[in-house]
Amino acid sequence: MQILQPPDWAKPRGYSNGVVASGRTVFLAGQFGCNAQGRFDTGDFAGQARQSLKNIVALLAEAGAGPEHICRLNWYVADRKEYIASLKDVGAAYREIIGKHFPVMTALEVGGFTDDQARLELEVTAMIPD
């Protein structure tokens, strides 16, 4: 995986502007912050983010991949202000579960989810090298 960073651009913090990768592609459906039984253990944004990231790592492992193979991570959040207020705790959970790997990311505030308890949904595209 090659990070795209033009030399005259300011370095982004916590994400990459572009990535080039080749290999076997893994697409993960959006992951809510619910446990393996499909239940929410918390209504807290950072807690749900932590669980969503754990779900992503578990799914990647099923494909023989790890967090380092994530090329794109889309964040869909119910409330932008709640997301921003939780960034410190979300960042700590991210570094603990994903590490210091920062793929291309997009964060969007959305009108709602299929489950009213969900505070966010995370969607991943990963690439396992050949």
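Laboratory data are not the source of any read-out in this text; all were calculated from the coordinates shown. Predicted model, so just to flag it, every value in this text is computed and none were measured. Note that we place each Cβ from the backbone using ideal geometry, even for glycine, and neighbour counts take in every protein chain shown.
Rundown of residues vs (1) farther than 26 Å from MET127 by Cβ; (2) of a type in the set (A, V, I, L, M), yes/no style:
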position	(1), (2)
GLN31	no, no
ARG50	no, no
ILE56	no, yes
GLU62	no, no
ILE70	no, yes
ARG80	yes, no
ILE84	yes, yes
TYR94	no, no
Of everything in the stretch 62-83, what is assigned to a helix (DSSP H, G or I) and either aromatic (Phe, Trp, Tyr) or within 15 Å of the chain's Cα centre (by Cα) (or both)? Give them in sequence order. PRO67, GLU68, HIS69, TYR83
Some residue of the stretch 115-128 being touching a residue at least 40 places away in the same chain (Cβ under 8 Å), assigned to a loop (DSSP other than H, G, I, E, B), in contact with a Phe, Trp or Tyr (Cβ under 9 Å, 6 or more places away or on another chain) and surrounded by fewer than 18 Cβ atoms within 10 Å (Cβ to Cβ): yes
For the stretch 6-28, which residues satisfy the criterion of being among the charged types (D, E, K, R) and over 11 Å from HIS69 (Cα atoms)? ASP8, LYS11, ARG13
Mind counting the residues in the stretch 96-109 that are surrounded by 13 or more Cβ atoms within 10 Å (Cβ to Cβ) and of a type outside the set (Gly, Ala, Ser)? 8
